[in-house]
Each structure stands twice: as structure tokens, then as C-alpha cells.
Amino acid sequence: MKVCVVGSGGREHALADVLGRSAEVVVTPGNPGIPGSIDAPPEEVEADLFVIGPEVPLVDGLADRLRAAGRLVFGPGADGARLEGSKAWMKELVAAAGVPTARHGTFDAVEPAHAMLDTLTPPFVVKTDGLAAGKGVLVTESLSEARNAVGDYLSGASFGDAGRTLVIEEGLVGPELSVLAVCDGTDAVLLPPAQDFKRAGDHDAGPNTGGMGAYSPVPIVDGDVLATVMDRFIGPTLRELRARGIDYRGVLYAGLMFTADGPKLIEYNVRFGDPECQVVVPRLTSDLAQLLAEAAEGRIRSTPTVSDEAHVTVICASEGYPASPRTGDVIHGLEELEGLPGVQVYAAGVAVDPEGRLVTAGGRVLDVCGRGATLADARERAYDAVSRLSWPGMHHRTDIARAASVSTS
Ligand code: AMP
Ligand code: GLY
């Protein structure tokens, strides 16, 4: 089978790596750190299966265009991708499906939004309706910061058109979990859960990012939790989508929070999580290409199997990420990582400069992954590898999987 992966980040590198165990893989546009990268629009690539990584082309209808041309595609059409493209629509759909989620209001004017904030207790949560690369969510203890954000979002000052409609939610508290469901339009199978670290700094300080690290397995999760996720979240959502005529074939990523009142949905994404993909998909011991092709065809027949090994990924980011990442810094030390046992680097934001050197080209630059018998082993390998890398302004969190590896060692 020949598979075309669409995208250019660490998630796509991980997908290409694991799909490559059983299939021939090309990645468009990819990046200079991903083998098999080609410079061709997906519409012009010949492949047996297309796997679309990022949310923007999904929301823009790339899956629909490829399907209209007779291609086999793993990824929802624009109708299903609205789950991520419009938080207001997502909240309406999950309410209709009876999925537990935070109470919310949708607003396009300042006064009613302020009025709702004034009824809430901290933490206050303000979200753009539209896509903002994982950065459009403000969670703050400060009512005045939340009130100010309302004006900045609605005016377009903070996030352009993505924030001209906004969602305010009651603030939930508890550990978070990312569960990726592979869906065939009717049924789904769950991949092993992961935990993501969304804030830029250690101890969850600083602004939200696309994700600064992740690990899998997650010690707090057992089989009962996964059954609940299927019964109360993924299943009802797929049925509601179907009832609305939406044939959802792709990943449905549930971002959940375990509150004192039980698990609640924080968000749906319509793709593999980045960086969750980098720690979940490599754990598969069954054939990923086969599974995604079956889902794309509309009937999953195989059951994914996973290894017990632990995986940890640490994102090395460029100076200024997430606000204004600096690019063009020369990356040092990558060659030292070759051959280190249990270490894999996925390339996210990299380019080659005119002198042929690998340089930073985005906010999240390299995903350094460690694997081992325990989370503590995996974490040690990942951080040992990180310590050998450098470029001016490189930063990373030092606490990825720390608490979980202590609780299980
Ligand atoms: P989202 O992009 O919707 O997943 O939000 C990004 C992050 O903001 C989540 O992973 C949570 O850490 C936090 N968050 C979002 N919604 C809420 C909420 N209602 N209560 C508390 N934290 C939230
Ligand atoms: N890691 C969070 C996301 O992919 O949206």
C-alpha cells in the first residue's frame, strides 16, 4: 500500500514513521527532517490512502475534495471537521448528544459576555469559536483579565476573525486526558490514552501552546475509564453526527477532564493530537496503515494491539514560542542522538538554510521521544537526549511525565 500523509509537523513525522512499518509513505509538504517528504499538492499525488494530519486542511474540506476525486481518505469532511472549526457548533452538538461537558454561552457582543462572566467563579474560561492553533483559550483566575479578553477577542485584535464569536465556559478542575478514537462513520476503536502538557512553562505556568510534551500510558486510566469514554462520549457523538447526515471517518480526539463530578469533555479535535500522536501511535503493534484504510473504507475490521512500553515526548521550542517564535537558528547536537537506545526524534519546525544546515523554522522545532519499560525510563532517555541538543533560545519543559513516573516507579 502507498500512503500519502498530509502535513509538516512532528505528528506527521510520527505517522509516517509508523505507517512506514507496513506501507510505502510519502509526506506532503513534510519538512527536511521527515524522510519521504515531497513538494506536491495532495491532489496531484498518487496513493492508495491519504491521511490528513492538521485541522486547517480538514476544516477547509481537503478530505471532501480528495474523496470527490475518488481517493480513499482518512480524515473527516468539512461537515464533521466543524467539531474543531467551531467550538460553538461543537458545544451545541454535544449538548444534543447528551455528552457531559462544561456549561457554556456563545457570544458576539461584549455586554452579554461580561454578564455571564460575572455569574461564574474562577477559573474563568474564554475561547475563540474558530481555529487559533491551540492558543485561543484563556484560563485565568482573574475576572478582569477574562473581561478584557472578551473585548480583545470580539474586536479581532487577539485572534482575527477566529475570535469574533467566542465561547465562555464554567471553569473545570481536574487531571486531563487525551483519547484518540479511530472512527469509520459508524463505529470506533480507541487508541491508548495520553496526557498532554498544554502550558508553556513548568508546573503549568504561562500561556497555552499547541502542546509541550506528552506521555502514554497514563497510570490513572484503566479499562473502565475507556469503556466510559466510549459509552458516554465517542458513541453518542458518532450517533449524533450520523443523525445529522455526517459520515465521520477519521480521528475523533476527546480532550477530557476528570472532575469531582466525573469526566467531562473539554474539547473535540478532528485529527491525531500533536504531540499525543508521537507517544500513542508508536505503541501500536498492529498494522496502522491497515486500520486507517479500513476506517476510510467505512468498516473497521481489525483490532489495534499495543505494546506495554512507555513513551514520553518533550517538545524543544524556539525562543519566543508561543507568542512570536524566532526562526533561522542553527540546530546543534542532532547527530549525537543517532544510535541512542530508545530515542527517536520527530522533526516539527525545521528548514535547511542556504549553507545546508538544519535550522529552526517554527515554534515547536523538535519532538524528542524516549521509550522504555517504565515512564521513568522513557523520561530519562528523552531528557538525556534533550540535554545534547541546543540552539540559541531553545526551551522546553522539565516536568513532562514527572508526576506520573514518580507515581508508578
Ligand atoms: P481546548 O483548546 O479547548 O482544549 O483548551 C485548552 C486547554 O485549556 C485545555 O486543555 C484545558 O487545560 C484548558 N481548558 C479548556 N476549557 C476549560 C474549562 N472549561 N475549564 C478548565 N480548563 C479548561
Ligand atoms: N496537543 C493538543 C492538540 O493536538 O490539540
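The values are calculated or read from the model by the stated rules, or taken from the named source; none is laboratory data. Remember, it's a predicted structure, so these values are computed and weren't measured experimentally. Glycine gets a Cβ as well: all are built from the backbone with ideal geometry, and neighbour counts include every protein chain shown.
Of the residues GLY328, GLY273, which is within 16 Å of ligand 1 (Cβ to nearest atom) and part of a loop (DSSP other than H, G, I, E, B)?
Details: GLY328 fails: within 16 Å of ligand 1 (Cβ to nearest atom).
Exactly one residue qualifies, and that residue is GLY273.
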_Members of the stretch 149-170 that are surrounded by 14 or more Cβ atoms within 10 Å (Cβ to Cβ), assigned to a loop (DSSP other than H, G, I, E, B) and more than 16 Å from ligand 2 (Cβ to nearest atom)_ = SER158, ARG164, THR165, GLU170
*Could you say whether any residue in the stretch 71-87 is surrounded by fewer than 21 Cβ atoms within 10 Å (Cβ to Cβ) and among the β-branched types (Val, Ile, Thr)?*
no
*Kindly check whether there is at least one residue in the stretch 300-309 that is of a type in the set (Lys, Arg), touching a residue at least 40 places away in the same chain (Cβ under 8 Å) and within 22 Å of ARG21 (Cα to Cα).*
no
*asked:* I'm checking my understanding of the structure. Among residues of the stretch 128-148 that are small (Gly, Ala, Ser) and crowded, with 17+ Cβ neighbours inside 10 Å, which one is modelled with the lowest pLDDT?
replied: GLY134
*Could you pull out the residue among VAL94, VAL173 that is within 19 Å of ILE266 (Cα to Cα) and part of a helix (DSSP H, G or I)?*
VAL94
*Can you tell me which of ALA351, ALA295 is under 30 Å from ASP187 (Cα atoms) and of a type outside the set (Ser, Thr, Tyr)?*
ALA295
*Yes or no: LEU375 in contact with a helix residue (DSSP H, G or I) (Cβ under 7 Å, 6 or more places away or on another chain), under 22 Å from GLY250 (Cα atoms) and buried (at least 21 other Cβ atoms within 10 Å of the Cβ)?*
no
*Within the stretch 150-195, can you find the residues that are polar (S, T, N, Q), modelled with pLDDT under 95 and either touching a His at 6+ places or on another chain (Cβ under 8 Å) or more than 16 Å from ligand 1 (Cβ to nearest atom) (or both)?*
SER155
*Enumeration of residues in the stretch 246-259 that are hydrophobic (A, V, I, L, M, F, W, C) and more than 13 Å from ligand 1 (Cβ to nearest atom)*: ILE246, VAL251, LEU252
*What pairs can you find where one residue is in the stretch 160-180 and closer than 14 Å to VAL139 by Cα, the other is near ligand 1 (Cβ under 9 Å from one of its atoms) and of a type in the set (Gly, Ala, Ser), and their Cβ atoms are less than 6 Å apart, with a gap of 6+ or different chains?*
GLU169/ALA102; GLU170/ALA102; LEU172/ALA102
*Give me the pairs: first residue in the stretch 238-258 and more than 19 Å from PRO100 (Cα to Cα), second residue within 16 Å of ligand 2 (Cβ to nearest atom) and of a type in the set (Phe, Trp, Tyr), beta-carbon distance under 7 Å, and six or more apart or on different chains, which are they?*
VAL251/PHE272
*Confirm whether GLY262 is farther than 22 Å from HIS396 by Cβ, within 16 Å of ligand 1 (Cβ to nearest atom), over 16 Å from the mean Cα position of the chain (by Cα) and small (Gly, Ala, Ser).*
yes
*In the stretch 196-245, what residues are within 16 Å of ligand 1 (Cβ to nearest atom), in a helix (DSSP H, G or I) and surrounded by fewer than 16 Cβ atoms within 10 Å (Cβ to Cβ)?*
ASP202, HIS203, ASP204
*How about the stretch 248-265: which of its residues are more than 16 Å from ligand 2 (Cβ to nearest atom) and surrounded by 16 or more Cβ atoms within 10 Å (Cβ to Cβ)?*
TYR248, ARG249, PHE258, PRO263, LYS264
